[in-house]
1. Need one number: convex hull volume per residue for the range 308-445, Cα atoms only, in Å³.
2. In the Gaussian network model of the chain, springs joining C-alpha atoms below 10 Å, which of ALA331, ALA314, ALA413 carries the largest mean-square fluctuation?
3. What translational D, rounded to a whole number of µm²/s, comes out for the chain from Stokes-Einstein when the hydrodynamic radius is the Kirkwood one over Cα pairs, at 10 °C and 1.306 mPa s?
4. Under 23 Å Cα-Cα from LYS2, which lysines qualify once same-chain neighbours fewer than 8 residues away are excluded?
5. Among ASP360, ASP258, ASP184, determine the one that fluctuates most according to a GNM of the chain built with springs between C-alpha atoms less than 10 Å apart.
6. Over the chain, what is the mean sequence separation of C-alpha contacts under 8 Å (at least six apart), divided by residue count, expressed as relative contact order in percent?
7. Counting only C-alpha contacts under 8 Å and six or more residues apart, can you give the relative contact order of the range 308-445 as a whole percent?
8. Between GLY23, GLY170, GLY66, where does the largest GNM mean-square fluctuation fall for the chain, given springs only between Cα atoms within less than 10 Å?
Amino acid sequence: MKERHWNNLVGSLRHGNCVLMLGSEIPVKVSSAPSANGSQNGTTIAEELRRRLARELEEDNRSPSGNTLAALAQQYEDTEGFGPTTLRATAEMVLASRQYSPSPVHEQLAALPFSLIVTTGQDAMLEQALKAAGKSPVTHRYHLRGDKRENPEFVLPGTPASPVVFHLFGSAEEPSSLVLSENDVLDFLIRVVSERPPLPNSLLRVLKRVGQSFLFVGFGIRYWDLRILLKILLRALELNRSGPAIAAEPLDGLIQSDRDEMILFYQRGTRVELEDDDVGDFLTKLSQRLEADGGFVGQTMPLGPRPRVFISYAREDAALASRVFDGLQKAYFEPWLDQESLQGGDDWNKRIENDLDASDFVLVLYTPAFCRKTDSYVNKEVALACERALRVRGSFLIPVRTAVLADEDRVDALRKFDEMELRETDFDEDFSKIISILKREYQRRNR
């Protein structure tokens, strides 16, 4: 790996700006290895589950087909006498088996200062390794078969001492959440992209944070199906828009042309650099470089989530809106302003409605120009914000008044909301008061 890539990775780890993206192709220790069922140290739990499903099909005089877990799980699910319920029950038994324990790779990863770990693995091997390293992991999962209530928002502690482990493909602790078969994988991708149910915003905000970097380990990208899955995840979660990424994946055994083709596959449309080395050796080098550079020094900014603030304004007040936007960013809020946040090709109506619904606060720049808008899109924004305010307990919509307004000029829809001042002559003082109110209200909601 080039020196600048090492420097970027080590630097992001030192300052708490690196997310570990963990696949299921991590070896485990097997307490009874070798055994009659073919288990041996160096195997993965995914491979152990694949073997178990194949064996049960053979015992029923079926011929297993498909070399991947997803393909075999699909056959198992489709075969009469088995089905999805039996598939998930069998998966739970294997994934939670005490026969397996964390490998040295898990231990090496657990020792590194990650505050957020996103995994397609469904076992608890990494959580066990983190606890053995003296850390207190917090576990969450995505439930593709649940609704928004079953995929709630959560607060990320933002410290390597208490890292969040988020299971994208569900958890063995909740078998109904597991993504196993080919149909499950397709359903997962469709539901993540369509946001039905959506991934928690508290997770997405961190993943899409500017300057965030990623380390991919254990995705098995030498296998074409896992290679495609990883790239789809990159695009679906928009990780290619965040920061640089390193994928640790030994490519030994591949001919040079196949290796070059795989590397180009990731470099097109993404910013992934492949590190062709043994994962254990790579993590040893990474730990040594991190220690030589002084180790973890703390977050450069809170991990999240950042409160989201929608700014509604009249076009004549664009300069003021930009000033408010910049101030919110500096105060570690996540502001939304149409001229900053809308991208080419976005559906204007749908994007604004979605972002209003996902916002924690709405600031209405209550100016004379705003009051003169009798037929404008900004009036629709206010109407939507007023409707949302009925569902949010506490302060949500805050009119920010920039001048004295005559009673006949005021907007009726805003009369019931408490106003705050934002005077040009005392901008910094007034803006600080607004920030304090927003922070206090956000903390109250998340107690």
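1. On the way: hull volume 14.9 nm³, N = 138.
Dividing the Cα hull volume of the range 308-445 by its residue count gives 108 Å³.
2. It is ALA413.
3. On the way: Rh = 24.3 Å.
It comes out at roughly 65 µm²/s.
4. Straight-distance partners of LYS2: LYS231, LYS285.
5. Among ASP360, ASP258, ASP184, the largest mean-square fluctuation in the Gaussian network model of the chain belongs to ASP258.
6. Values: 699 pairs, mean separation 61.8, N = 447.
Once normalised by length, the contact order is 14 percent.
7. Numbers: 160 pairs, mean separation 33.4, N = 138.
Relative contact order of the range 308-445: 24 percent.
8. Its mean-square fluctuation being the largest, the pick is GLY66.
Values in this text are rule-based calculations from the coordinates and carry no lab data. A quick note: this is a predicted structure, and the numbers were derived from the prediction, not measured.
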